[in-house]
Amino acid sequence: MTDHAPAPGSAAQQKIDTSVPHSARIWNYWLGGKDNYPVDEAAGDAYTDVFPGIVTIARSSRAFLQRNIRYLVAEAGIRQFLDVGTGLPTADNTHEVAQRIAPETRIVYVDNDPMVLAHARALLYSTPEGKTAYVDSNVLEPDRILEAAADTLDFSRPTALILSNILGHIADYDQARSIAARLMEALPSGSYLSINDGSRGFDPVFEQAQDAYNESGAVPYNLRTVEEITAFFDGLELLEPGVVSVPLWRPDADVPAPAVIAEHGGLARKP
């Protein structure tokens, strides 16, 4: 379960179906957003009845990403982001976090969900100094993503690639690794890769709930082992503390002792 699920075709050509639950809208519901329908709330509540911890996973995932972005802008000096599978806009989207620190930052969001496309205007309120753009494309089409993103981003300059809870929607693990590698291949030395995904081997109740969701006819989301998530960073320089449960990745000083949850991620630099 995640912010986004890949689907064939352009989002502009797809109709928003409010009669069946949708993963992006359910995720939005768990994050406290308003861009969802009663059918999504019902599905979200059914999931939390089995595994209440999914709300913690959703919110911890978002917080992890925000800490990544703050580091990248304030400490690593990154001024360009490619956010693939961005999901529905909520509070503190990538451009808001980044441009709050460096107004000149440029961000390209990529998604092909019709609901996200309908709300893309919320992602496009850039500072005058920076720029944001939205690309209607599928994570399974990395070359198309790169071609469209080049209209906004300068790929001769270091860029941060964000793949937050999107690779789990690619059933074939080798294909998922190939797509991540292809996107990073186009970025220069000094670029960064941020990944987080649901993990297997830590919470059997979560695994049971997710497996049941996958069998319901919804777009499946595949939990992966920490070793599999770590392998997405092969060839890159992982920043400390490496691939860890997301609350443990450089937690804010004012946060109580974080607990391990079944969502792992990391941040790595391209040498």
(request) Taking 7 Å along the Cα-to-C-beta vector as the label spot, tell me the Ser189-Val205 distance in nanometres, rounded to one decimal. (result) 4.9
(message) From the phi angles alone, apply the Karplus equation (6.51, -1.76, 1.60; θ = phi - 60°) to region 31-36 and give each ³J(HN,Hα) in whole Hz, x where the residue is Gly or Pro.
(response) 7, x, x, 10, 8, 7
(request) Report the residues of region 49-84 in range of a label on Thr127: point 7 Å along Cα→C-beta, backbone N strictly under 14 Å from it. (result) 70, 73-75, 77-81
(message) Taking the Cα centre as origin and putting +1 on Lys and Arg beta-carbons and -1 on Asp and Glu beta-carbons, what dipole magnitude results for region 117-249, to the nearest 20 debye?
(response) 360
(message) Just to confirm my numbers, what's the Cα centroid distance between region 198-271 and region 76-135 in Å?
(response) 23
(message) Test of understanding: what is the full-extension gain from Thr18 to Asp154, defined as 0.36 nm times their sequence separation minus their Cα-Cα distance?
(response) 45.1 nm
(request) Quick one: compute the contact order of region 166-271, relative version, from alpha carbon pairs under 8 angstrom and 6+ residues apart, as a percent. (result) 37
(message) For a bin width of 5 Å, list the pair-distance distribution of region 122-271 built from all Cα-Cα distances, rounded to whole %.
(response) 2, 9, 16, 19, 18, 16, 12, 7, 2, 0
(request) Report the label-to-label distance for Glu147 and Ala259 in nanometres (one decimal), using points 7 Å from each Cα along the Cα→Cβ vector. (result) 4.8
(message) Heavy atoms of the protein only, probe of 1.4 Å, neighbouring chains included. What is the accessible area of Lys131 in Å², nearest 10?
(response) 80
(request) Over the chain, calculate the relative contact order: mean separation of alpha carbon pairs under 8 Å at least 6 apart, over the residue count, as a percent. (result) 19
(request) Enumerate the calculated ³J(HN,Hα) couplings along region 108-124 in order (Karplus 6.51 cos²θ - 1.76 cosθ + 1.60, θ = phi - 60°), each rounded to whole Hz, writing x wherever the residue is Gly or Pro. (result) 10, 9, 10, 6, 9, 8, x, 5, 5, 4, 5, 9, 4, 4, 5, 8, 10
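The values are calculated or read from the model by the stated rules, or taken from the named source; none is laboratory data. As the structure is a prediction and not an experimental result, all values here were calculated from the model. Here Cβ is always computed from backbone atoms with ideal geometry, including for glycine, and neighbour counts include all displayed protein chains. Each accessible area value is taken on the protein alone, full model and side chains, heavy atoms only, with ligands, DNA and RNA left out. Shrake-Rupley method; radii C 1.70, N 1.55, O 1.52, S 1.80 Å.
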